[in-house]
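Step one of this worksheet: look at the structure below.
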Amino acid sequence: MKSKEQKQKEVEFLKKELGEAQNLVVVKFQGLSVAKDAELRRKIREADSKYRVVKNTLVSLAAEGTPVAELSEIFEGSTAIAYNTGDPVALAKALSDYAKDNPVFEFKAGMVEGRAVEISTLTEIAALPSHDELIAQLMYLINAPVQRTAMAINAVARNLAMAIGQAVEGEKFSE
């Protein structure tokens, strides 16, 4: 059992974390095995995010004065939070992929860029390409015209060389 001082420190820590979080998903995790929980934590770390099982009363206290306060009525039952300060797509993808294979893992609520969103919105966000995928697509779009121009220039030079080669073979340049 935690002392009052330990609980106060945990509330202060959570308040700091929740105040900085731009994206957050509240989940129900009851029934996950230790191995499944470890797998979930690994996926969340790979998405540069954090995951924490929380005591509802403590997280409700910590949420006061933060954007997460809008979600405080959701904090009941077995609750965990996954959050980050960066890419909302990476977090949503990691959680959605995990939820597909683990039906006991359920979304309760979400916050994206500091605003509460519906669960359906989280699913839509998870379907978006990641930040890295978007950059790759953009680089392809930028590179494609340059690549086509280079191929066209090479084709002109190649065709000229072939024409000169055929003219030499046909002795068109003889005196």
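Among the residues of region 131-175 satisfying the criterion of being part of a helix (DSSP H, G or I) and of a type in the set (S, T, N, Q), which is nearest to ALA47 (Cα to Cα)?
Initial filter on region 131-175 (part of a helix (DSSP H, G or I)): 131-169.
Checking which are of a type in the set (S, T, N, Q) leaves us with 137, 143, 147, 149, 154, 159, 166.
Values: GLN137: 20, ASN143: 28, GLN147: 33, THR149: 38, ASN154: 43, ASN159: 51, GLN166: 60 Å.
So the residue we want is GLN137.
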Exercise for the section: Would you check if there is a residue in region 9-29 being of a type in the set (S, T, N, Q) and out of contact with any Pro (no Cβ under 9 Å at 6 or more places or on another chain)? Expected result: no
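Look at ALA94 and say whether it is under 18 Å from LEU128 (Cα atoms), of a type in the set (Gly, Ala, Ser) and in the same structural domain as LEU122 (by TED's automatic domain parsing).
Details: under 18 Å from LEU128 (Cα atoms): yes; of a type in the set (Gly, Ala, Ser): yes; in the same structural domain as LEU122 (by TED's automatic domain parsing): yes.
Yes: the conditions hold for ALA94.
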Problem - Where a residue in region 34-59 is acidic (Asp, Glu) and its partner, wherever it lies, is in a helix (DSSP H, G or I) and modelled with pLDDT under 90, with Cβ under 7 Å and at least six apart - result: GLU46/ALA94; ASP48/ALA90
Practice task
Report whether or not MET162 is out of contact with any Lys or Arg (no Cβ under 6 Å at 6 or more places or on another chain), more than 25 Å from ALA38 (Cα to Cα) and at pLDDT 80 or above.
Solution key: yes
Handout entry: Residue among LEU14, LEU32, LEU40 that alone is in a loop (DSSP other than H, G, I, E, B) and either over 12 Å from the mean Cα position of the chain (by Cα) or more than 21 Å from LEU128 (Cβ to Cβ) (or both)
Key = LEU32
Exercise for the section: For region 60-77, indicate whether the set of residues that are loosely packed, with under 14 Cβ neighbours inside 10 Å and under 30 Å from ASP132 (Cβ atoms) is non-empty. Expected result: no
Exercise for the section: With respect to ILE164, determine if the residue is exposed (fewer than 15 other Cβ atoms within 10 Å of the Cβ) and assigned by TED's automatic domain parsing to the domain that holds ALA47. Expected result: no
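Inspect region 76-84 for any residue being assigned by TED's automatic domain parsing to the domain that holds GLY114, over 19 Å from the mean Cα position of the chain (by Cα) and free of Cβ contacts under 8 Å to residues at least 40 places away in the same chain and give the result as yes or no.
As a first pass, look at region 76-84 and keep what is assigned by TED's automatic domain parsing to the domain that holds GLY114: 76-84.
Checking the rest, the ones that are also over 19 Å from the mean Cα position of the chain (by Cα) come to 76-79.
So of that shortlist, the ones also free of Cβ contacts under 8 Å to residues at least 40 places away in the same chain come out as 76.
Among the residues of region 76-84, at least one is assigned by TED's automatic domain parsing to the domain that holds GLY114, over 19 Å from the mean Cα position of the chain (by Cα) and free of Cβ contacts under 8 Å to residues at least 40 places away in the same chain, which makes the answer yes.
Within region 73-88, is even one residue of a type in the set (D, E, K, R) and under 25 Å from GLN6 (Cα atoms)? Lay out the reasoning, then the answer.
Pass one, region 73-88, residues of a type in the set (D, E, K, R): 73, 76, 87.
Those still in the list that are under 25 Å from GLN6 (Cα atoms) too: 73, 76.
Yes, region 73-88 contains at least one residue that is of a type in the set (D, E, K, R) and under 25 Å from GLN6 (Cα atoms).
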Fill in the blank from the handout: Looking across region 98-118 at residues that are free of Cβ contacts under 8 Å to residues at least 60 places away in the same chain and surrounded by fewer than 13 Cβ atoms within 10 Å (Cβ to Cβ), the single one that is nearest to PRO67 (Cα to Cα) is ARG115
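Within region 64-73, is there a residue that is closer than 23 Å to ARG115 by Cα, in the same structural domain as TYR98 (by TED's automatic domain parsing), of a type in the set (A, V, I, L, M, F, W, C) and in contact with a strand residue (DSSP E or B) (Cβ under 7 Å, 6 or more places away or on another chain)? Working first, answer last.
Going through region 64-73, the residues closer than 23 Å to ARG115 by Cα turn out to be 64-73.
If we keep only those that are in the same structural domain as TYR98 (by TED's automatic domain parsing) as well, we get 64-73.
Filter once more, keeping what is of a type in the set (A, V, I, L, M, F, W, C): 68-69, 71.
The next check asks that each one be in contact with a strand residue (DSSP E or B) (Cβ under 7 Å, 6 or more places away or on another chain); those that pass are 68, 71.
Within region 64-73 (the criterion being closer than 23 Å to ARG115 by Cα, in the same structural domain as TYR98 (by TED's automatic domain parsing), of a type in the set (A, V, I, L, M, F, W, C) and in contact with a strand residue (DSSP E or B) (Cβ under 7 Å, 6 or more places away or on another chain)), the answer is yes, since at least one residue qualifies.
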Handout entry: region 109-126: number of residues that are farther than 17 Å from GLY86 by Cα and either not assigned by TED's automatic domain parsing to the domain that holds GLY86 or not small (Gly, Ala, Ser) (or both)
Key = 5
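The values are calculated or read from the model by the stated rules, or taken from the named source; none is laboratory data. This structure is a prediction, so every number in the text was calculated from the model and none was measured. Note that each Cβ is placed from the backbone with ideal geometry, even for glycine, and that neighbours are counted across all protein chains shown.
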